[in-house]
Amino acid sequence: MNKRDALRWPRIESTEKWLLGVIAALCVFLSLTTDTFLTLVNFADILNYSAVSIIFAAGLLVVLIAGGIDISFAVAASVVQYLVALTVMQLGGGNWAVGFVLATAYGFCLGAINGALIHHLRIISIIVTIATFNIYFGGLMYFTEGRSIYFLPDWWVDRVIVLEHETAMGYAEITLPVVVMVVAVALTWLLLRRLNVGRQLFAMGDNPEGARRLGINIAAMHYLAYGWLGAMAGIAGLMQAHYAQEVVPNALYGRELEVLAAVVLGGARLGGGRGTLLGAVLGLMLITLTRNGLTLMGISPYAFKMIVGGIILVAIALSNEGMSMLVERVRSARLAGGSR
């Protein structure tokens, strides 16, 4: 790769262009139907809230590219929250550096367990992660008895405001989770697009047997992909507790489907070998804006659940290239009609 190629802007895929169009249309609609959507305060709130989910999405994208799937990462993040809280209490309080190291290490270990089970026992990833989802969440609820931790160290709960701007609607604030999100996305981009192991992950997801014949260490790729998601989940859990200022065992329960829908909607293929960070972020922002818009319009949150379910169906159809097949059929029909 020469210097000119390195500096060139990445090409925007058709899925990403479609998402940008839908997001723009949604923003126009919500700005016309609500009074507070098109405000700096609301956009800052959306960014702060979505930071945790985008960190999740960055990790999940790596697993999907490698040809796997994981639905246990959200409850793994809850487990990491408790483990970090208990550990820093034993250490006398800790600090942010200790917190990030512990969250990353605990998360990586939980993710690596999934990778080990999938590779060594030859079990389908969805089955393994359904099992670990129940093990992690059931174990957490059993040992904690569903109790929350409200008394966390000051460094963990004190709000860290990076940017602040006063408006007529109040203060628009960008907080620490947004900065951590940017770093997490940048590191994931570096892993997938600038390191040789990233190309190996794409190769394994696209053709596992071919990757094996090329000498790629499939076991190492499983540990890397699921460990990376685990590490991102641990960091996201740390940020979620900072945002909420408490550790609640079921606070992240259910977030996994929302993130999975967003990443697949963004162009990641469930069969592996394809996906972009831009698509994942755009898919997540579409879902987040939809949630925000429904809230501002006073619509029941159960409607959002229905919408997420519909998005999952659409995303799976797009992932299986059903839309491209449909377009090809329409094009063939037009050509056949024109030749008559």
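The values are calculated or read from the model by the stated rules, or taken from the named source; none is laboratory data. Just so it is clear, the structure is predicted and the values come from calculations on it, not from any experiment. As a convention, Cβ positions derive from the backbone with ideal geometry for all residues, glycine included, and neighbour counts pool all protein chains shown.
Only one entry in L19, L102, L38, L83 is more than 24 Å from M204 (Cβ to Cβ) and over 24 Å from the mean Cα position of the chain (by Cα), namely L38.
Among residues that are under 22 Å from A51 (Cβ atoms), assigned to a helix (DSSP H, G or I) and touching a strand residue (DSSP E or B) at 6+ places or on another chain (Cβ under 8 Å), V183 is not included. The listed residues are L214, L238, L187, L191, and the only one of them that is more than 17 Å from G272 (Cα to Cα), surrounded by fewer than 24 Cβ atoms within 10 Å (Cβ to Cβ), aliphatic (A, V, I, L, M) and at pLDDT 95 or above turns out to be L187. Evaluate the range 136-148: report whether one residue or more is surrounded by 11 or more Cβ atoms within 10 Å (Cβ to Cβ), of a type in the set (V, I, T) and assigned to a strand (DSSP E or B). Looking for residues that are surrounded by 11 or more Cβ atoms within 10 Å (Cβ to Cβ), of a type in the set (V, I, T) and assigned to a strand (DSSP E or B), one finds none in the range 136-148, hence no. Taken over the range 266-283, residues that are touching a Gly at 6+ places or on another chain (Cβ under 8 Å), buried (at least 22 other Cβ atoms within 10 Å of the Cβ) and under 20 Å from A225 (Cα atoms) amount to 9.
Residues are listed down the side, and each one gets a yes or a no for (1) more than 18 Å from the chain's Cα centre (by Cα); (2) closer than 23 Å to S50 by Cβ; (3) without any contact (Cβ under 8 Å) to a residue 12 or more places away in the chain:
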residue	(1), (2), (3)
L201	no, no, no
A211	yes, no, yes
A219	yes, no, no
Y223	yes, no, no
L229	no, yes, no
L238	no, yes, no
Y253	no, yes, no
A268	no, yes, no
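Annotation note: Cβ proximity below 9 Å between a residue of the range 167-187 that is on the phi > 0 side of the Ramachandran plot and a residue that is aliphatic (A, V, I, L, M) (sequence gap 6+ or interchain) occurs for G170/V41. For the range 92-116, the set of residues classified as surrounded by 19 or more Cβ atoms within 10 Å (Cβ to Cβ) and in a loop (DSSP other than H, G, I, E, B) consists of G94 only. For the range 117-135, taking the residues that are under 20 Å from I235 (Cα atoms) and polar (S, T, N, Q), the one that is surrounded by the most Cβ atoms within 10 Å (Cβ to Cβ) is identified as T129.
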